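Some notes on the structure that comes next.
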Amino acid sequence: MAASECVMITGSAGMVGASLIDFYCHLLPKEKIIGTWFKPTIDLADITGKCEAIECDVTNANAVFSVINQYRPSRIYHLAAQSYPTVSWQKPVETINTNMNGTINVFESVKKIRESESDYDPMIVVACSSAEYGLSLTPENTPVKEEVPLLPLHPYGVSKVGQDLLSFQYFQNFQIRCIRVRIFNTTGIRKTKDVTSDFVLRAFQVMNGAENIFRVGNLETKRAITDVRDLVSALVLLGDKGTAGEVYNVSGEKVYQVKELIPIIEKEIGMDLNIVADPELFRPSDEPIIFGDSSKLKMDTGWRQQFPLDETIGEMLRYLKQKASTNVPL
């Protein structure tokens, strides 16, 4: 059975996966989009009906092979991950297992199919992370380029270095085409547990009387922030135009100190927030600045960032309002 013109998205019940499905469902009939999910972080109703949604744990090698072998997608977006740095301190083994062994299972499935069908040649777009850079993310080193040392600061970052290098070696040794995408801070509808989405949710709760204080952690760090729709655009363009085996940064172009998010949110909700520092929101370690150089991505694909942060935050607030109106837990 030859590769079909369908796309497969692992981790489809996450923020990026669901947004990628939104993009593709306008281009392809739903049976051409395969979305695997496990332990969803979004409302499953956001993807069901838009794709062939299949529950599949990427750490289960047989299950991953079964899906890829059945559909033979021409493009695989490998997004499935334990993607929270703070959780990785609590669950380092699960994080390494999901992120590294899950990646092995995707590539091994393609390798196994090739034993009987040598011309099966999908493009695998692998969602890696700026967390791989860690200590290399210093003010004098940013915007950071793809060539700097990978010095991760938490188990999540280590797992992403492993995922990145595993993908590279499958390309080098077995010529399985892949693009490694080091994704910098990205936010948007359905996002949870990053500074922007946490702030937007707390502001939404204050606005609706569920809270009377606005809790914050470290406000001094600096982050370049990308709208998930711009990230999706980058992933698709890289699948189309990226050089197989290469690694690309996807980063916003404007750096915000975390404290600068607050007046943007206050303007969007039309009220001032009572800001209170909460010790529980401070991490053991925090990169002082996360900002990447996306010039390689731009040069190879023509990608440009389109959505400004105030527009992203406004969209996030509208999404929360819509979900609250249908009694979906936020």
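Quick notes on this one:
- Magnitude of the charge dipole for the range 233-326, about its Cα centre and with charges confined to Cβ atoms of Lys, Arg (+1) and Asp, Glu (-1), is about 300 debye.
- Once backbone amide H atoms are built at 1.01 Å from N, residue 13 has 38 as its partners under 5 Å, excluding neighbours fewer than 5 places away on the same chain.
- Each residue of the range 262-268 is assigned a 3J(HN,Hα), and the resulting list reads 5, x, 5, 5, 4, 5, 5 Hz, derived from the Karplus form 6.51 cos²θ - 1.76 cosθ + 1.60 (θ = phi - 60°), x at Gly and Pro.
- Length released on extending from residue 27 to residue 286, taking residue separation times 0.36 nm less the Cα-Cα span: 89.3 nm
- Estimated inter-spin distance, residue 168 and residue 311, nm [label 7 Å along Cα→Cβ]: 3.5 nm
- Additional length obtainable on full extension of the chain from residue 300 to residue 322, 0.36 nm per residue less Cα span: 4.1 nm
- The distance separating the Cα centre of the range 147-224 from that of the range 39-91 comes to 17 Å.
- In this structure the amide hydrogen of residue 129, modeled in the peptide plane, comes within under 5 Å of the amide hydrogens of 183, none closer than 5 places in sequence on its chain.
- Taking amide H atoms as placed 1.01 Å from N in the peptide plane, the amide H of residue 28 has no partner under 5 Å among residues 5 or more positions away or on other chains.
- Relative to the Cα centre, the charge distribution of the chain, modelled as +1 at Lys and Arg Cβ and -1 at Asp and Glu Cβ, gives a dipole magnitude of about 280 debye.
- Volume per residue for the chain equals 126 cubic angstrom (convex hull of Cα atoms).
- Here, the range 1-125 has an Rg and a Dmax of 14.2, 43 Å when only alpha carbons are counted.
- Legend: calculated FRET efficiency, residue 89 to residue 43, from the Cβ-Cβ distance at R0 = 30 Å, rounded to 0.05, equals 0.65.
Each reported figure results from applying straightforward, stated rules to the coordinates on display, with no laboratory input. Since the structure is predicted, the reported quantities are computational estimates derived from the model, not experimental observations. Cβ atoms come from the backbone with ideal geometry, glycine included; neighbour counts cover every protein chain shown.
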